[in-house]
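Written below as structure tokens is the structure these notes are about.
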Amino acid sequence: MTTQTDVITESREPGPQGQEPDNPSATRGGESKRSIEQIALLLFICIPFVALVAAVPLAWGRGMSWLDLGLMVGMYFLGCHGITIGFHRHFTHGSFKAKRPLKIVLAIAGSMAVEGPIVRWVADHRRHHKFSDAEGDPHSPWRYGETLPALMKGLWWAHMGWLFDEEQTPQQKYAPDLIKDPAIRRISRDFWVWTAVSLLIPPLVGGLVTMSWYGAFTAFFWGSLVRVALLHHVTWSINSICHAVGKRPFKSRDRSGNVWWLAVLSCGESWHNLHHADPTAARHGVLRGQIDSSARVIRWFEQAGWATDVRWPDADRIASRRQEPASEAA
């Protein structure tokens, strides 16, 4: 029986020129072009992260403490796994079934990432899979063409610009299953509540532990503001960077690639090529050495009996989606 998710992920329309990019590497151009793109992408994504990393030692002892760092890291990975395990792998793609309490917790944890209401997030992502890197995709970096200026414009669009687009994905069409669930609909409608909770936890903890307003302020700066900004940019990088460069060992109908240096921060989402080759798989990092913390947590949920019918990709399924060796290079 075909599910709602299966319909969304398996359908596909032609690209703007009416062509399917069945072999993404064949449409990318020569090696020199790819090198220029990769340099531009490196600057685009790395400079903000370098600035953030440099700010930590500069602020240490004056505007940042171990408590601030712990709150930032803890809240970051709570929200990140809420998005990757909850919003993405469970609610969007049905990679596993969750017991009712776990389903509610995942919906709330994902909402605390401050990336928008769950129904809208899921609808946008299902639409992305239906039209991935083709006309109709809400955030393809190839929207404006393949020249370097067009790609840079497209990267901005895929990274952030699409969030300000007036065109809205019809939620009733792409997420009717979530709309029919009263609890999920309520969590989605009360997104502002979970945003407030997410932003207030760090200063509350920081203020109570240090018994000072200054401790509350630094905890709010690092544990709320910096944490949310970092998580947003990592998530948006999956839309932009991972659809422009990266290894492509698996067959997909778009330009999704594996970007290893985003794997830890994205909780395994940057193994994006396998995800688009097999959208319902609960594990994205399926090759040796590919870190996928989201898959590990799902395994723990399964062992505890909280998650069932987990769609783990077996060896035969992985092998059937492998590219020919000549097609694997980014």
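The values are calculated or read from the model by the stated rules, or taken from the named source; none is laboratory data. Every value quoted in this text rests on a predicted model; they were computed, and no experiment measured them. Quick reminder, even Gly has a Cβ in these numbers, built from the backbone with ideal geometry, and neighbours come from all protein chains shown.
For the reader, a short list of remarks on this structure follows.
- Residues (closer than 28 Å to residue 79 by Cβ, of a type in the set (A, V, I, L, M) and touching a Lys or Arg at 6+ places or on another chain (Cβ under 9 Å)) located in segment 119-161: 119, 123, 158
- Pairs, first in contact (Cβ under 8 Å) with a residue 40 or more places away in the chain and surrounded by fewer than 23 Cβ atoms within 10 Å (Cβ to Cβ) in segment 245-258, second charged (D, E, K, R) and part of a strand (DSSP E or B), C-beta under 9 Å, six or more apart: 249/322; 251/322
- In the set 191, 220, 164, only one residue is more than 30 Å from residue 261 (Cβ to Cβ) and among the aromatic types (Phe, Trp, Tyr); that residue is 191.
- Test: residue in segment 296-306 that is at pLDDT 95 or above, surrounded by 15 or more Cβ atoms within 10 Å (Cβ to Cβ) and in contact with a Cys (Cβ under 9 Å, 6 or more places away or on another chain): yes
- The residue list 240, 188, 212 contains one member that is over 21 Å from residue 285 (Cβ atoms) and buried (at least 21 other Cβ atoms within 10 Å of the Cβ), which is 188.
- Unmet requirement for residue 168, which otherwise passes all of (1) assigned to a loop (DSSP other than H, G, I, E, B); (2) at pLDDT 95 or above; (3) surrounded by fewer than 18 Cβ atoms within 10 Å (Cβ to Cβ): (2)
- The one condition in (1) outside any helix (DSSP H, G or I); (2) crowded, with 16+ Cβ neighbours inside 10 Å that residue 288 fails to fulfil: (2)
For (1) at pLDDT 95 or above; (2) at positive phi; (3) assigned to a helix (DSSP H, G or I), each residue gets a yes or a no:
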| residue | (1), (2), (3) |
| --- | --- |
| 108 | yes, no, yes |
| 122 | yes, no, yes |
| 129 | yes, no, yes |
| 146 | no, no, no |
| 156 | no, no, yes |
| 162 | no, no, yes |
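- Listed by position, the helices (runs of 4 or more DSSP H) enclosed by segment 179-255 that each have at least 1 residues that are over 29 Å from residue 139 (Cβ atoms), touching a helix residue (DSSP H, G or I) at 6+ places or on another chain (Cβ under 9 Å) and modelled with pLDDT of 95 or more are 191-210, 213-220.
- Among residues of segment 197-222, those that are more than 20 Å from residue 60 (Cβ to Cβ) and either of a type in the set (Lys, Arg) or under 22 Å from the mean Cα position of the chain (by Cα) (or both), counted: 3
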